[in-house]
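The values are calculated or read from the model by the stated rules, or taken from the named source; none is laboratory data. Source: prediction; values computed, not measured. Glycine gets a Cβ as well: all are built from the backbone with ideal geometry, and neighbour counts include every protein chain shown. The protein model used for the area step is the full one, side chains on, heavy atoms only, and it has no ligands, DNA or RNA in it. Shrake-Rupley method; radii C 1.70, N 1.55, O 1.52, S 1.80 Å.
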Amino acid sequence: MLKSIGVQWALAGHSERRVIFGETDDYINSQCRKLIEQGMSVMLCIGESLAEFEQDLAGSVCAVQLKKGLKGITKEEMSRVAIAYEPVWAIGTGKVATPEIAQSVHAKCRSIIAEMYDQETADEVRILYGGSVTPDSVDELMSQPDIDGALVGGASLDSEKFGRIINFKTL
């Protein structure tokens, strides 16, 4: 149905759906595979809760979500997959992971993709940051080597803020 009206991309694994609707990693993986099977592209969202972050589990939690989310997706199909790291504790709170924290998780994701597929696939896959990106945080975030873009939520509702975000300046 979505494809018939021109939709090309869909999110899978967004934190609110994981929490509110109890979507599991296995269910999210089936969504990813089904979207690809139907000729669409998917943005797999991963991220840790505040409690997990405070216990220094961000990398581990994201690694599990990433591996389970990509299970059964071939190297060739990875051209239709993007990853969005969305630390749950930052979504809609105004809190943003430091550029160093975000870079660390993005680098971990890229290394996992290299292990699962190969380095070329890891280098080509887009990994976006999506935890309360703001005009104040975007420049430093986008200057990190493994952050390929931003998944913007609330700030996209304000044209001035969104305009600044999409016109970020690499430091």
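With respect to the numbered conditions (1) open to solvent by less than 90 Å² (accessible area, probe 1.4 Å); (2) of a type in the set (A, V, I, L, M); (3) within 17 Å of the chain's Cα centre (by Cα); (4) under 18 Å from residue 93 (Cα atoms), which one is the sole condition not fulfilled by residue 51?
Result: residue 51 fails condition (3) only.
Would you point out the residue of segment 54-80, among those that are farther than 22 Å from residue 132 by Cα and among the charged types (D, E, K, R), that is surrounded by the fewest Cβ atoms within 10 Å (Cβ to Cβ)? It would help to see each step written out before you state the result.
Here is the first cut: in segment 54-80, the residues farther than 22 Å from residue 132 by Cα are 64, 67-80.
Next, from what is left, pick out any that are among the charged types (D, E, K, R): 67-68, 71, 75-77, 80.
Working: 67: 16, 68: 18, 71: 14, 75: 12, 76: 9, 77: 16, 80: 16.
This residue is 76.
In the set 77, 37, 52, which member is at pLDDT below 95 and of a type in the set (Asp, Glu)? Spell out the reasoning first.
Numbers: 77 fails: at pLDDT below 95; 37 fails: at pLDDT below 95.
Step by step, each of 77, 37, 52 is checked, and only 52 is at pLDDT below 95 and of a type in the set (Asp, Glu).
Across segment 95-104, which residue is modelled with the lowest pLDDT among those that are closer than 19 Å to residue 14 by Cβ and open to solvent by less than 60 Å² (accessible area, probe 1.4 Å)? So that I can check it myself, show each step before the final result.
Start the filter on segment 95-104 by keeping residues that are closer than 19 Å to residue 14 by Cβ, which leaves 95-97, 102.
Subsequent filtering for residues that are open to solvent by less than 60 Å² (accessible area, probe 1.4 Å) retains 96-97, 102.
Working: 96: 74, 97: 88, 102: 96.
Of everything passing the filter in segment 95-104, 96 is modelled with the lowest pLDDT.
So if I check each of 48, 23, 16, which one is on the phi < 0 side of the Ramachandran plot and in a helix (DSSP H, G or I)? Spell out how you get there, then give the answer.
On the way: 48 fails: in a helix (DSSP H, G or I); 23 fails: in a helix (DSSP H, G or I).
One residue alone meets the criteria, 16.
Looking at (1) of a type outside the set (Asp, Glu); (2) in contact with a Pro (Cβ under 9 Å, 6 or more places away or on another chain); (3) closer than 20 Å to residue 42 by Cα, which one does residue 155 not meet, given that it meets all the others?
Failing condition for residue 155: (3).
May I ask you to say which residue of 20, 83, 91, 46 is aliphatic (A, V, I, L, M) and either within 22 Å of residue 1 (Cβ to Cβ) or open to solvent by 70 Å² or more (accessible area, probe 1.4 Å) (or both)?
On the way: 83 fails: either within 22 Å of residue 1 (Cβ to Cβ) or open to solvent by 70 Å² or more (accessible area, probe 1.4 Å) (or both); 91 fails: either within 22 Å of residue 1 (Cβ to Cβ) or open to solvent by 70 Å² or more (accessible area, probe 1.4 Å) (or both); 46 fails: either within 22 Å of residue 1 (Cβ to Cβ) or open to solvent by 70 Å² or more (accessible area, probe 1.4 Å) (or both).
Step by step, each of 20, 83, 91, 46 is checked, and only 20 is aliphatic (A, V, I, L, M) and either within 22 Å of residue 1 (Cβ to Cβ) or open to solvent by 70 Å² or more (accessible area, probe 1.4 Å) (or both).
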